[in-house]
1. Report the FRET efficiency, 1/(1 + (r/R0)^6), for Arg87 and Ser67, where r is their Cβ-Cβ distance and R0 is 25 Å, rounded to 0.05.
2. Please go through the stretch 9-90 and write out the trypsin sites (Lys or Arg not before Pro) that DSSP classes as loop and that have at most 15 other C-beta atoms within 10 Å.
3. Rounding to the nearest 20 debye, state how big the charge dipole of the chain is about its Cα centre with +1 on each Lys and Arg Cβ and -1 on each Asp and Glu Cβ.
4. Using only the alpha-carbon atoms, how far is helix 109-127 inclined from the longest principal axis of the chain? Give it as 0 to 90 degrees, nearest 10.
5. Arrange the residues Thr55, Thr95 by how much accessible surface each exposes, largest first, with a 1.4 angstrom probe.
6. Please work out which option in (1) -0.30, -0.60, -0.86; (2) -0.27, -0.56, -0.84; (3) -0.38, -0.62, -0.78 gives log10 I(q)/I(0) by the Debye sum over Cα atoms at q = 0.09, 0.13, 0.16 Å⁻¹ calculated from these coordinates, and answer with its label.
7. Which value results when the Cα radius of gyration for the stretch 68-130 is divided by 2.2 N^0.38 Å?
8. What do you reckon, how do Leu46, Leu51, Leu127 stack up by accessible area (1.4 Å probe), largest on top?
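The values are calculated or read from the model by the stated rules, or taken from the named source; none is laboratory data. The shown structure was predicted, so the numbers you read here are calculated from the model rather than taken from an experiment. FYI the Cβ positions are ideal-geometry reconstructions off the backbone, even for glycines, and counts take in every protein chain you see. The area values use the complete protein model at the heavy-atom level, side chains included, leaving out ligands, DNA and RNA. Shrake-Rupley method; radii C 1.70, N 1.55, O 1.52, S 1.80 Å.
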Amino acid sequence: MKTGKDFHEFTRVERSEAISAPCALLEGSDPVLEFRFSWEETEADLMYLALDPGTVSRITEPRTINSTYKTIVGTDGAISTAPCKTRGGDYFTLTLQVPRIPLTDQTHRKDIERFWRAYFPATLKTLGCGAHSAPHPSGS
């Protein structure tokens, strides 16, 4: 069934390489959802990323939520991080930005949170991350 919408993915993510890269769901040439996959040696400071004035990880009105993973949800996006030992580092951080939500629109936070609570763990599973991939199981 054709919807008349031209949805497609643009990605530079190479899971096997574990190199930080963007991924986007586009409608024509307009971004609908923008993701940034990032592998690092140290755990990311999520609030710093969320408040950064740049365009890579900034989200509006970020708030920490109670979650299995360190997570921040805003009115137009979310960021989470988790241990994930790969050739790219010991931690994986994923950012979601929803550019079509106006900065003053407060009505989508719960929808973003609900989506993120499913999407982030599914992404970790796809990447082979989980409790077993924690870089320092001894806690040191």
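1. Efficiency for this residue pair is about 0.40.
2. On the way: sites: Arg12, Arg15, Arg36, Arg58, Arg63, Lys70, Lys85, Arg87; in loops: Arg12, Arg15, Arg58, Arg87.
Passing both the DSSP loop test and the Cβ count: Arg12, Arg15, Arg87.
3. Details: 16 positive and 18 negative charges, 88 e Å.
Here the chain has a charge dipole of around 420 debye.
4. On a 0 to 90 degree scale, this one is about 50.
5. Values: Thr55 115, Thr95 5 Å².
From most exposed to least exposed: Thr55, Thr95.
6. Computed from the coordinates, log10 I(q)/I(0) by the Debye sum over Cα atoms at q = 0.09, 0.13, 0.16 Å⁻¹ corresponds to (2).
7. Numbers: Rg = 12.8 Å, N = 63, 2.2 N^0.38 = 10.6 Å.
Relative to the 2.2 N^0.38 Å estimate, the stretch 68-130 comes out at 1.20.
8. On the way: Leu46 15, Leu51 115, Leu127 40 Å².
From most accessible down to least: Leu51, Leu127, Leu46.
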